[in-house]
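The values are calculated or read from the model by the stated rules, or taken from the named source; none is laboratory data. Source: prediction; values computed, not measured. Cβ sites come from the backbone with ideal geometry, for glycine too, and all protein chains shown count toward neighbours.
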Amino acid sequence: MALMRAVLECPPQSTPNELEGDDSDSRWSQKAVAELLAQGLREGEDGIAFSNAAAVQALILDLNRAAPRDPDTESFEEDYRRFPHHAQSTMHGAAIEIAILFIYWLSKTNRVRLANRPAMPLPSCPKLRDCLKQNLRTEA
């Protein structure tokens, strides 16, 4: 958790090094954090310890704030038409996915009974609920 937090708090380089493979704007590192979190959340109780719920939620909210809303590639629309799951490969798509996975992960703990009341909003996670609502909005 501490390493993921450190990656997200690392400021981008002020003068980007134009070497191939350089992560000057930290997007690759942020994407790696999102992928690591997603894997840990998919594993339910065998993944990330439930005692880290607040820290995990904070990381998810930070990733959602940092994720660029513009497509990562010039061919995004064409790629999405061919393979709709392509959206997950973008930073924005990955950030939304981990927010949804967080809800799944919470459902695996005895402290939160989402499975018994599926229509219930996320009262224990108002910031996450607001984040998801914001991502559902479309710009005209």
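Of the residues that make up the stretch 104-127, is at least one at pLDDT 60 or above, of a type in the set (Val, Ile, Thr) and outside any loop (DSSP other than H, G, I, E, B)? For the stretch 104-127, residues at pLDDT 60 or above, of a type in the set (Val, Ile, Thr) and outside any loop (DSSP other than H, G, I, E, B): absent.
Just checking, which of VAL7, VAL33 is surrounded by 12 or more Cβ atoms within 10 Å (Cβ to Cβ), part of a helix (DSSP H, G or I), β-branched (Val, Ile, Thr) and modelled with pLDDT under 80? After ruling out the rest, the residue left standing is VAL7. Among residues that are over 12 Å from the mean Cα position of the chain (by Cα) and at pLDDT 90 or above, SER51 is included. For first residues located in the stretch 123-140 and closer than 17 Å to TYR104 by Cα and basic (Lys, Arg), partners that are modelled with pLDDT under 80 and surrounded by 15 or more Cβ atoms within 10 Å (Cβ to Cβ) and lie 6+ apart or on another chain with Cβ distances below 9 Å form the pairs ARG129/LEU122.
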